[in-house]
Ligand SMILES: NC(=O)c1ccc[n+]([C@@H]2O[C@H](COP(=O)([O-])OP(=O)(O)OC[C@H]3O[C@@H](n4cnc5c(N)ncnc54)[C@H](OP(=O)(O)O)[C@@H]3O)[C@@H](O)[C@H]2O)c1
């Protein structure tokens, strides 16, 4: 008997890569990892062709237009990749009764909260990237009742571009570095999120619990500023740079960033038993490989 297929988009991104690193631990499934060449989210025909060719049992959508500042001007592409394509994937998944797991972001919130955001907290994106991701969530949930949206935050990995790798590079190049201390959130090691997603799929597949769909939050445990994040990277890697604080006002970017971005990850624990892992230990395990 053939194995159930898990399709994964964004194989060259941080999360897609981490899932590909873990997939051998899930031998009961066949995996299809796609990049832009095989499945271009900016081309609806490419999505249609994929579903003509394959009939996955689970679909994980890790691909996204993640260039937050560029999305302010490259509006149409960001919308096509993050919103329209997510809706189309969900429609195809619904036709074959395939659960869809699609990843969203803390940027759906405006950052004005003061305590961790529950899944039903009012959304109000303050940049175009956040707006397109929110629309993607809504289309996915509308087009496929078997959709799980996982919002996450401050993602990093040994692979790809991210804050951790940028900090290490800059700390090696510069004697001093200023990092914003007035944005608060929770870092997420992409490997932890990859594990959480595959655990959820296994739980649904083996019917360990009654599957629940809808919105979930997952980030690693802990609440810090980018400055504190940078300080920990410096300390653990024993780098000599002097790290000082700055404010968002001193570091203008085309897209606004939310000030407070902490997600309440309790639903994913209550429903699927996924426990958030400590941010510092998770960071150290990534830094050990860099
Ligand atoms: N990174 C974060 O801090 C963060 C925070 C919150 C939520 N998220 C969400 O988490 C998910 C995973 O993020 P990530 O950090 O793994 O992102 P990433 O490293 O930037 O990877 C995104 C992937 O999407 C692919 N992609 C972009 N446009 C595409 C297109 N038109 N067709 C097909 N593939 C396309 C990219 O392909 P190429 O490699 O060819 O460019 C890349 O492999 C995304 O949904 C993101 O919005 C990320």
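Only one of 122, 126, 101 is within 17 Å of the chain's Cα centre (by Cα) and outside any helix (DSSP H, G or I); which? Before the answer, list the steps.
Values: 122 fails: within 17 Å of the chain's Cα centre (by Cα); 126 fails: within 17 Å of the chain's Cα centre (by Cα).
The match here is 101.
Against the condition assigned to a loop (DSSP other than H, G, I, E, B) and buried (at least 23 other Cβ atoms within 10 Å of the Cβ), how does residue 7 come out, does it pass? Steps first, please.
Values: assigned to a loop (DSSP other than H, G, I, E, B): no; buried (at least 23 other Cβ atoms within 10 Å of the Cβ): yes.
Considered against the rule, which asks whether it is assigned to a loop (DSSP other than H, G, I, E, B) and buried (at least 23 other Cβ atoms within 10 Å of the Cβ), residue 7 comes out as no.
For region 196-204, the criterion of being surrounded by fewer than 18 Cβ atoms within 10 Å (Cβ to Cβ) and not in a helix (DSSP H, G or I) is met by none of the residues.
Considering the conditions (1) in a helix (DSSP H, G or I); (2) within 14 Å of the ligand (Cβ to nearest atom); (3) more than 16 Å from the chain's Cα centre (by Cα), residue 136 is excluded by exactly one of them, (3). Candidates are the residues of region 140-163 that are in a helix (DSSP H, G or I) and out of contact with any helix residue (DSSP H, G or I) (no Cβ under 6 Å at 6 or more places or on another chain); the one that is farthest from the ligand (Cβ to nearest atom) is 142.
Do we find a residue being part of a helix (DSSP H, G or I), in contact (Cβ under 8 Å) with a residue 40 or more places away in the chain and surrounded by fewer than 17 Cβ atoms within 10 Å (Cβ to Cβ) anywhere in region 34-54?
Of all residues in region 34-54, those part of a helix (DSSP H, G or I) come to 44-53.
Adding the requirement that they be in contact (Cβ under 8 Å) with a residue 40 or more places away in the chain leaves 44, 47-48, 50-51.
Still in the running and surrounded by fewer than 17 Cβ atoms within 10 Å (Cβ to Cβ): 44, 48.
Yes, region 34-54 contains a residue that is part of a helix (DSSP H, G or I), in contact (Cβ under 8 Å) with a residue 40 or more places away in the chain and surrounded by fewer than 17 Cβ atoms within 10 Å (Cβ to Cβ).
Looking across region 8-22, the residues that are touching a residue at least 60 places away in the same chain (Cβ under 8 Å) and more than 10 Å from the ligand (Cβ to nearest atom) come down to 21, 22.
Coordinate-derived values only; no laboratory data. Because the structure is a prediction, the values reported are computed rather than measured. Reconstructed Cβ throughout: ideal geometry from the backbone, glycine too, with neighbour counts over all protein chains shown.
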